[in-house]
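Please read the structure below before turning to the comments.
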Amino acid sequence: MRVHGMTGLVVIGLALCGCVPVLPAAPTLLLAEESTVMPGEQVPLRLLNDAQSDQMGFDQAVAAGSNAALIMFLARNPASSHAAAARAQLALRRTPDAPAVTAAVAGTDVRIVAAFDAARLSGDPAALIAFVAQYGNHPLAAEARRLSGG
């Protein structure tokens, strides 16, 4: 099998529009830096450490170029060493994503991510508090509390 149009490493695992879930007990596996893999050939794998996985998730969220990707990064990685940078990138984004983009990135959380983004973009603390009242058990509720000052 030949990997076309890519140099370097190929990620094995789930990648939804630039967001790789960070699971502490399951390191991310990468193929070795090979551009050609023959059928039946064994390929050495390299494990990412937590810092590398965190960096990759952040880089992919930024590269995706959407509010939803940054929001999902923060929902999955609120204590990341890159959370402040993700928040700063998100703060620069002042228009909502197209609904299809949010749906593609957020999957089953599409309503929650869209509601969070709308509340964030409104700039109204009451909208963020209303988000928390409706979605208080979701990880983004903590982010909404932080933004509302509460």
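Data table
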read-out: Index of the failed condition, residue 71 passing every other in (1) touching a residue at least 60 places away in the same chain (Cβ under 8 Å); (2) out of contact with any Lys or Arg (no Cβ under 9 Å at 6 or more places or on another chain); value: (2)
read-out: Condition met for residue 144 (open to solvent by less than 30 Å² (accessible area, probe 1.4 Å) and more than 14 Å from the chain's Cα centre (by Cα)); value: yes
read-out: Residue in the stretch 74-92 that is under 26 Å from residue 148 (Cβ atoms), modelled with pLDDT of 95 or more and in contact with a strand residue (DSSP E or B) (Cβ under 8 Å, 6 or more places away or on another chain) present; value: yes
read-out: Pairs with Cβ under 6 Å, 6+ apart, first in the stretch 87-116 and in contact (Cβ under 8 Å) with a residue 24 or more places away in the chain, second in a loop (DSSP other than H, G, I, E, B) and open to solvent by 60 Å² or more (accessible area, probe 1.4 Å); value: 104/17; 105/17
read-out: So residue 35, is it in contact with a Pro (Cβ under 8 Å, 6 or more places away or on another chain) and modelled with pLDDT under 95; value: no
read-out: Any hit, the stretch 39-57, residues being at pLDDT below 95, among the β-branched types (Val, Ile, Thr) and either open to solvent by less than 60 Å² (accessible area, probe 1.4 Å) or within 14 Å of residue 143 (Cα to Cα) (or both); value: yes
read-out: Members of the stretch 69-110 found to be buried (at least 20 other Cβ atoms within 10 Å of the Cβ) and over 13 Å from the mean Cα position of the chain (by Cα), listed by number; value: 97
read-out: Residue under evaluation residue 117, criteria (1) open to solvent by less than 30 Å² (accessible area, probe 1.4 Å); (2) within 16 Å of residue 78 (Cβ to Cβ), criterion not met; value: (2)
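The values are calculated or read from the model by the stated rules, or taken from the named source; none is laboratory data. If you're wondering where the values come from, they're calculated on a predicted model, not measured in any experiment. Neighbour counts are summed over all protein chains in view; Cβ atoms, including those assigned to glycine, are modelled from backbone coordinates with ideal geometry. The protein model used for the area step is the full one, side chains on, heavy atoms only, and it has no ligands, DNA or RNA in it. Shrake-Rupley method; radii C 1.70, N 1.55, O 1.52, S 1.80 Å.
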